[in-house]
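The structure appears right after this line, and notes come after that.
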Amino acid sequence: MVRGAHMPAGHFSRRFLLAYGESRYGYLMTRRIERAMALLRGGDLSVTGVCFAVGCSSLGTFSTRFTELAGVQPSVTRPIRNREARTPGP
């Protein structure tokens, strides 16, 4: 992005912060977590699968950032399937 903007990295970072209200890293992580929430709601991928699908390389960092931004752990966002919700009989 910096090369495409034809300006020094520090200047670009300050301009980005002014325009978007957060750092480039913060903006990117927010977009990744938004996408992760949608993928987890779909229920087709595991939390680890979603982590890597949105471009994160660390499950720990992904889970921490997800919890900070979404207010819940990534595993809570996944829907419960009917067979998983059944409780064993007496």
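The values are calculated or read from the model by the stated rules, or taken from the named source; none is laboratory data. Just so it is clear, the model here is predicted, and its values are computed rather than measured. Surface accessibility is based on the protein's heavy atoms, side chains included, excluding ligands, DNA and RNA. Shrake-Rupley method; radii C 1.70, N 1.55, O 1.52, S 1.80 Å.
From 14, 32, 65, 83, grab the single residue that is in a helix (DSSP H, G or I) and modelled with pLDDT under 90. Step through it out loud before you land on a result.
Details: 14 fails: modelled with pLDDT under 90; 32 fails: modelled with pLDDT under 90; 65 fails: modelled with pLDDT under 90.
The match here is 83.
Yes/no per residue for (1) in a helix (DSSP H, G or I); (2) open to solvent by 50 Å² or more (accessible area, probe 1.4 Å); (3) of a type in the set (Lys, Arg):
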{"residue": "38", "(1), (2), (3)": "yes, no, no"}
{"residue": "41", "(1), (2), (3)": "yes, yes, yes"}
{"residue": "49", "(1), (2), (3)": "yes, no, no"}
{"residue": "52", "(1), (2), (3)": "yes, yes, no"}
{"residue": "57", "(1), (2), (3)": "no, yes, no"}
{"residue": "61", "(1), (2), (3)": "yes, yes, no"}
